[in-house]
Amino acid sequence: MSFLQLPAAELETTLAKELARNPALELVDELRCPGCGKRLLQRPCPTCAAPSQTDHPIVYLSPREPRAYSPAELETEYRDAYAHVPLDEYILRQIGPQLTRAERPMAAYILAQLDEDGLFAGSPAEVAAAQRASLSAVERVLALIQHADPPGVGARTPQESLLVQLDSLTDSIPPAMLNLAHAILQNHFELLGKQDYAQIARRLRVPRSLVEAAARFIQRNLTPYPARAFWGEGKVPETEDASALSDPDISISFFNQSSGGPLMVEVFTPFSGWLRVSPDFKAALADCDEADREKLSAAVEQAALITKCLQQRNHTMRRLMQIIAEEQRSFILGGDRDLRPLTRAQVAKALAVHESTISRAVAGKSIALPSGRIVPLAKFFDRSLSVRDRVRRLVEHETRPLTDDEIAVALAREGIHVARRTVAKYRNMLGILPANVRARLAKTSRARPASMPALTPAS
DNA sequence: CTATGGCACGGATT
DNA sequence: AATCCGTGCCATAG
């Protein structure tokens with residue numbers, strides 16, 4: 001009965017359906033700002049009216065209009081635009097320019113045979129025969145496909161796919177890790193599947209912890225089913241990326257683009273107008289057949305309920321964002337490290353509503369920050385985000401690999417007291433390897449140890 | 001002996 | 001009521 005838990009996109013379809021079905025429901029499109037002509041759901045117009053002298057954020061409702069996207073958003077926007085395109089077509093668009101006229105049907109033929117995971121079940125020889133092309137030509141096309149966007153797509157086996165994906169990461173991971181992961185995937189794939197790390201370690205003559213680190217890396221960053229990560233529907237339901245791809249439900253920007261000023265929060269609503277019970281319909285109710293009256297008044301009742309629910313949703317969302325924008329201003333302007341611990345319960349208390357109300361309001365929503373980043377609204381309630389960010393920074397700036405204990409001590413100096421065990425958990429979440437492994441990696445990837453200055457100061 | 005990960009417990013949060 | 005989170009204890013690798 002309540003619309004609160006629905007993100008704007010779903011609310012839009014729900015309301016559109018109701019609007020079509022119920023004649024008593026009417027969409028009024030008449031509120032426009034006399035100053036700027038912008039459509040408004042609420043006065044005063046936040047763009048034209050002077051902001052209050054305080055720093056308080058201005059929260060208002062805004063119709064979902066096409067937004068101007070910052071460069072940072074363009075990439076996700078691109079993904080989104082193509083999200084509904086079938087995989088084969090998506091790939092064909094990328095490699096199309098590099099294909100000759102003769103290669104085009106070959107590519108289409110191959111792409112049609114990709115299974116739902118993005119793997120290619122057929123053999124190049126078979127394709128060559130069917131297309132009356134040379135084997136080398138087929139392989140050239142296949143290679144092009146394999147280097148197209150969902151990395152690893154078009155590989156014949158999960159193993160091959162993983163190797164291709166690994167290659168695409170060459171520049172962003174330490175060479176030692178790259179080599180190790182490559183060796184494991186190439187030569188010990190079955191053992192990896194069985195998680196027999198000890199055996200792999202023995203054969204490669206590498207410490208077991210390193211093998212485990214590499215296995216974790218593979219598990220975290222590569223997928224045997226390349227198409228799923230990008231196209232799988234519902235299989236990866238609640239990742240941060242999933243919500244980041246869609247349009248936000250809320251946007252925070254600077255009032256009048258003047259950075260440093262008050263914040264402007266827009267809660268998007270599906271329509272540029274407002275819903276009400278049609279007065280004409282109500283008038284018609286007065287003089288109509290007795291038989292129809294029952295049905296018509298039911299429709300009116302239903303329509304009234306919907307407008308009420310919608311108002312309630314808007315009201316709650318605005319009050320919620322008011323609190324968040326005030327409380328987390330520094331996080332909105334700064335970065336992860338500035339997030340203050342804030343619980344749904346606190347907000348519920350401040351707004352005098354039930355906790356579950358806040359949970360519903362936050363669930364599934366995403367928000368665009370002034371920086372252009374789109375993040376889940378739930379991020380404002382992440383208790384440990386700022387601490388994790390500090391851990392990341394500490395490791396990034398370390399001169400020698402810090403152990404979890406040392407990190408814990410360093411954090412304590414910043415006034416954050418967490419147990420060593422907790423640091424380990426955060427480190428894992430961040431995908432940072434243990435200190436001893438980092439030390440090893442640094443050592444083995446160093447070309448010549450001699451070129452390295454002594455880094456342990458005599459004490 | 002030290003550093004780290006797994007398990008599980010209790011308290012907070014949803 | 002179910003889930004999440006920080007933490008202590010213990011086993012294990014190096």
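The values are calculated or read from the model by the stated rules, or taken from the named source; none is laboratory data. Because the structure is predicted, anything quoted here is derived from the model rather than measured. Note: ideal-geometry Cβ built from the backbone for every residue, glycine included; neighbour counts use all protein chains shown.
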Legend entry - Pairs where the first residue, in the stretch A:204-215, is among the hydrophobic types (A, V, I, L, M, F, W, C) and the second is within 8 Å of DNA strand C (Cβ to nearest atom), C-beta under 6 Å, 6+ apart: A:Val211/A:Ala201
Inset, instruction - Would you check if A:Ala410 is touching a helix residue (DSSP H, G or I) at 6+ places or on another chain (Cβ under 8 Å), within 11 Å of DNA strand B (Cβ to nearest atom) and at pLDDT 85 or above? - result: no
Inset, instruction - Pick out, from the stretch A:1-119, the helices (runs of 4 or more DSSP H) lying fully within it that include 1 or more residues that are at pLDDT below 60 and crowded, with 16+ Cβ neighbours inside 10 Å. - result: A:71-81
Inset, instruction - Go over the candidates A:Leu351, A:Leu377, A:Leu320, A:Leu310 one by one and state the one that is in contact with a Phe, Trp or Tyr (Cβ under 8 Å, 6 or more places away or on another chain) and either within 13 Å of DNA strand B (Cβ to nearest atom) or among the hydrophobic types (A, V, I, L, M, F, W, C) (or both). - result: A:Leu310
Inset, instruction - Determine if the stretch A:140-159 includes at least one residue that is within 20 Å of A:Thr223 (Cβ to Cβ), among the hydroxyl-bearing types (Ser, Thr, Tyr) and touching a Pro at 6+ places or on another chain (Cβ under 7 Å). - result: no
Legend entry - The listed residue being in contact with a Cys (Cβ under 7 Å, 6 or more places away or on another chain) and crowded, with 17+ Cβ neighbours inside 10 Å, out of A:Leu275, A:Leu296: A:Leu296
Legend entry - Evaluation of A:Ser359 against (1) of a type in the set (Ser, Thr, Tyr); (2) away from DNA strand B (no atom under 11 Å from the Cβ); (3) in contact with a helix residue (DSSP H, G or I) (Cβ under 6 Å, 6 or more places away or on another chain) (one fails), failing number: (2)
Inset, instruction - Could you check how many residues of the stretch A:92-109 are under 26 Å from the mean Cα position of the chain (by Cα) and within 21 Å of A:Ala130 (Cα to Cα)? - result: 1
Inset, instruction - Please enumerate the residues belonging to the stretch A:261-282 that are within 30 Å of A:Gly372 (Cα to Cα) and not in a loop (DSSP other than H, G, I, E, B). - result: A:Leu263, A:Met264, A:Val265, A:Glu266, A:Val267, A:Phe268, A:Thr269, A:Trp274
Inset, instruction - Can you work out which of the residues in the stretch A:169-214 that are surrounded by 19 or more Cβ atoms within 10 Å (Cβ to Cβ) and under 26 Å from the mean Cα position of the chain (by Cα) is modelled with the highest pLDDT? - result: A:Ala214
Inset, instruction - Return the total of residues in the stretch A:410-433 being within 10 Å of DNA strand C (Cβ to nearest atom) and part of a loop (DSSP other than H, G, I, E, B). - result: 4
Inset, instruction - Consider only pairs whose beta carbons are under 7 Å apart and that are at least six residues apart or on different chains; among these, list those whose first residue lies in the stretch A:418-438 and is over 16 Å from A:Glu398 (Cα atoms) and whose second residue is within 9 Å of DNA strand C (Cβ to nearest atom). - result: A:Val418/A:Val387; A:Val418/A:Ala408; A:Ala419/A:Ala408; A:Arg420/A:Ala408; A:Tyr426/A:Ser384; A:Tyr426/A:Val387; A:Tyr426/A:Arg388; A:Met429/A:Arg388
Inset, instruction - Only residues in the stretch A:348-373 that are without any contact (Cβ under 8 Å) to a residue 60 or more places away in the chain count as the first member; pair them with residues that are outside any helix (DSSP H, G or I), Cβ under 7 angstrom, at least 6 apart or cross-chain, and list the lot. - result: A:Ala348/A:His354
Inset, instruction - Collect the residues in the stretch A:380-405 that are within 12 Å of DNA strand B (Cβ to nearest atom), acidic (Asp, Glu) and either in contact (Cβ under 8 Å) with a residue 12 or more places away in the chain or over 25 Å from A:Lys425 (Cα atoms) (or both), keeping them in residue-number order. - result: A:Asp382, A:Asp404, A:Asp405
Inset, instruction - Sort out which residues of the stretch A:334-347 are buried (at least 19 other Cβ atoms within 10 Å of the Cβ) and either away from DNA strand C (no atom under 16 Å from the Cβ) or over 14 Å from A:Asp382 (Cβ atoms) (or both), and write them in order of number. - result: A:Val347
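Per-residue answers, yes or no, for (1) under 17 Å from A:Tyr109 (Cα atoms); (2) modelled with pLDDT of 85 or more; (3) surrounded by fewer than 14 Cβ atoms within 10 Å (Cβ to Cβ):
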{"position": "A:Ala128", "(1), (2), (3)": "yes, no, no"}
{"position": "A:Gln131", "(1), (2), (3)": "yes, no, no"}
{"position": "A:Leu135", "(1), (2), (3)": "yes, no, yes"}
{"position": "A:Ile145", "(1), (2), (3)": "yes, no, no"}
{"position": "A:Asp149", "(1), (2), (3)": "no, no, no"}
{"position": "A:Gly152", "(1), (2), (3)": "no, no, no"}
{"position": "A:Arg156", "(1), (2), (3)": "yes, no, no"}
{"position": "A:Leu162", "(1), (2), (3)": "no, yes, no"}
Inset, instruction - Report, by residue number, each residue of the stretch A:174-193 that is out of contact with any helix residue (DSSP H, G or I) (no Cβ under 8 Å at 6 or more places or on another chain) and either within 16 Å of DNA strand C (Cβ to nearest atom) or in contact (Cβ under 8 Å) with a residue 40 or more places away in the chain (or both). - result: none
